[in-house]
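Quick note: the coordinates plus some simple rules give every number you see, no bench work behind them. From a predicted model like this one, the values you see are computed outputs, not experimental measurements. As a convention, Cβ positions derive from the backbone with ideal geometry for all residues, glycine included, and neighbour counts pool all protein chains shown.
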């Protein structure tokens, strides 16, 4: 296992507003060409969930949503749009917390996050955006297209901003991963004193997502960032980042 | 609020093993000089908690610790060293979870993490390392020294690896912050569709800590990383990253 000692993180300029059905790989390649960027081997492309969802048609007109009685009651209690709450319930496998105006749910994929990832920021007026149906598959499709066009080994991470228990503020995490290791596992390795590390597994894909957020922002129209200088490691998926229920003390 | 579009992250080479009483600022300045690095204004220095704790003498010989009956019982149930468990209890304000061999505690500072941050990896044999007593103050002292020597505005973040509920792996977070904004607040700003963002506060200091981990690693003897290309924003502290109990659904 080798840890890089220098990284460069750049937001890709010139990406316009994306629409359902747009070819995301083609749009990214066009922006790379326009920026005249040379792509180094083992670059990781971090792509905001929202544009992936948009091109995949995961945009829902709120007018098309019929709220259930539970959605109506909760929306009324919190001053929210009942159609948006209904979408959240539809995207949920399990409600984790429903308190203090906050709805934290486990999505059908197994992500635990506010509003099951349903969000209306950066959505067309009157619409909400759902998470991609299978973000690992979305990442892999994009990786294959970019790899075919650019001819070097690449990773792709699809990222979104999640809140955390205990700490203020959101950080970006990896929803989808392809071509890059999601975790760096130190278990069994020795520290400089010769002691074997016991519990040290680092969620590098989440750290890459967080690092990329620093140049992407949320309203700056920079939904793609490139991270150069890494070693991709053993490719894996974002599914590996989900803790199994029986090991989770905070269900 | 401006979000940078490019960052560089470098691990500082040539830092040796640190001892209680060492002058951390002097050691970092010496390594910078040896590496012949020019320091750009608004560089953020990310420093591993462990070396801060070491120079501050937060290293405890396990032989000096007398375990309480609770520490003995828990240690026996989990196959741990009762003296280490006793140290964890001493560093805790509140036990959050004590189950499945895991002890998650709220430290006297208010951090919620495994083992109250007490750790024996990278510690001298027979010893454990505690978190700094006041990581914001440690960060501010270091920032003042580095700023005085280097003459440019700088930020300092003291980082540690924390696990998270729901997700596998640890990510680095900010325990101490000085000279740089810990959060980027979008509330009230408009997205490109003119919609006001409602719940978007990004924990940028945690993202910087996570980004720096990617070049620091855990056993590579690279406890300091520099992040260049940022705008420091309104300086704050890591205390701002602690969620108030009344707003925390996962106590």
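Rounded, prolate or oblate: which one fits segment B:59-129, using the alpha carbon gyration tensor with axes a ≥ b ≥ c (rounded when a/c is under 1.5, else prolate when a/b beats b/c, else oblate)?
Note, shape of segment B:59-129 comes out oblate.
Place the label 7 angstrom along Cα→C-beta at residue A:250 and in each other copy, then list the distances from the first to the rest in nm, shortest first.
0.2
Stokes-Einstein diffusion coefficient for the protein assembly as shown at 4 °C in a medium of 1.567 mPa s, Rh from the Kirkwood formula over Cα pairs: what value in µm²/s?
Answer, rounded: 55 µm²/s.
Angle check, please: helix B:24-35 long axis (alpha carbons) against the longest principal axis of chain B (alpha carbons), in degrees 0 to 90, nearest 10.
Taking the Cα atoms of chain B, the angle to B:24-35 is about 50 degrees.
Using a 10 Å cut-off around each Cβ, can you sort B:119, A:185 from fewest to most neighbouring Cβ atoms?
A:185, B:119
Nm distances between the label at residue B:76 and the same-position labels in the remaining copies, 7 Å along Cα→Cβ, shortest first?
When each copy's label point is compared with this one, the spacings are 5.7 nm.
How far apart, in nm, are the 7 Å Cα→Cβ label points at residue A:232 and residue B:187?
Simple spin-label model gives 4.2 nm for this pair.
How large is Rg/Rh for chain B, to two decimals, with Cα atoms and a Kirkwood Rh?
Reported Rg/Rh (Cα atoms, Kirkwood Rh): 0.99.
Just to confirm my numbers, what's the Cα centroid distance between segment A:51-104 and segment B:156-233 in Å?
So the two Cα centres are separated by 28 Å.
Taking the Cα atoms of segment A:1-76, what is the range of coordinates along each of the three principal axes, in descending order and whole Å?
Between the extreme Cα coordinates on each principal axis of segment A:1-76 lie 54, 32, 18 Å.
Considering every residue in A:8-15, what mean count of other chain Cβ atoms within 10 Å of its Cβ is obtained?
Taking all residues of A:8-15 together, the mean is 4.
Using Cα atoms only, what is the angle between the long axis of helix B:204-216 and the major principal axis of chain B, expressed in degrees (0 to 90) to the nearest 10?
The answer is roughly 70 degrees.
Treat the count of other C-beta atoms within 10 Å as a stand-in for reagent exposure and order B:204, A:38 from fewest to most.
In increasing order of surrounding Cβ atoms, one gets A:38, B:204.
Restricting to bridges with both residues inside the protein assembly as shown, how much of the DSSP beta-bridge set is antiparallel, in percent to the nearest 5? Before the final figure, lay out each step's value.
Numbers: 69 of 83 bridges.
Restricted to the protein assembly as shown, the bridges split so that about 85 percent are antiparallel.
Given points 7 Å out from each Cα along the Cα-Cβ axis, report the residue A:6 to residue B:239 separation in nanometres with one decimal.
Those two pseudo-labels are separated by 3.9 nm.
With the label 7 angstrom out along Cα to Cβ, how close does residue A:127 come to the same site in each of the other copies, in nm, nearest first?
Those separations, rounded to one decimal, come out as 5.9 nm.
Write down the percent of antiparallel bridges among all DSSP beta bridges whose residues are both part of chain A, to the nearest 5. Please list the in-between numbers first.
On the way: 31 of 37 bridges.
The answer is about 85 percent antiparallel.
What's the exposure ranking of A:140, A:213, going from fewest to most Cβ atoms within 10 Å?
Result, fewest neighbours first: A:140, A:213.
Just from its helices, what would the mean residue ellipticity at 222 nm be for the protein assembly as shown, if runs of 4 or more DSSP H residues each count -39500 (n - 2.57) and the sum is divided by every residue, rounded to the nearest 500 deg cm²/dmol?
Dividing the helical sum by the residues of the protein assembly as shown leaves -8000 deg cm²/dmol.
Taking the simple approach of a point 7 Å from Cα along Cα-to-Cβ for both residue A:77 and residue A:246, what is their distance in nm?
Result: 3.3 nm between the two label points.
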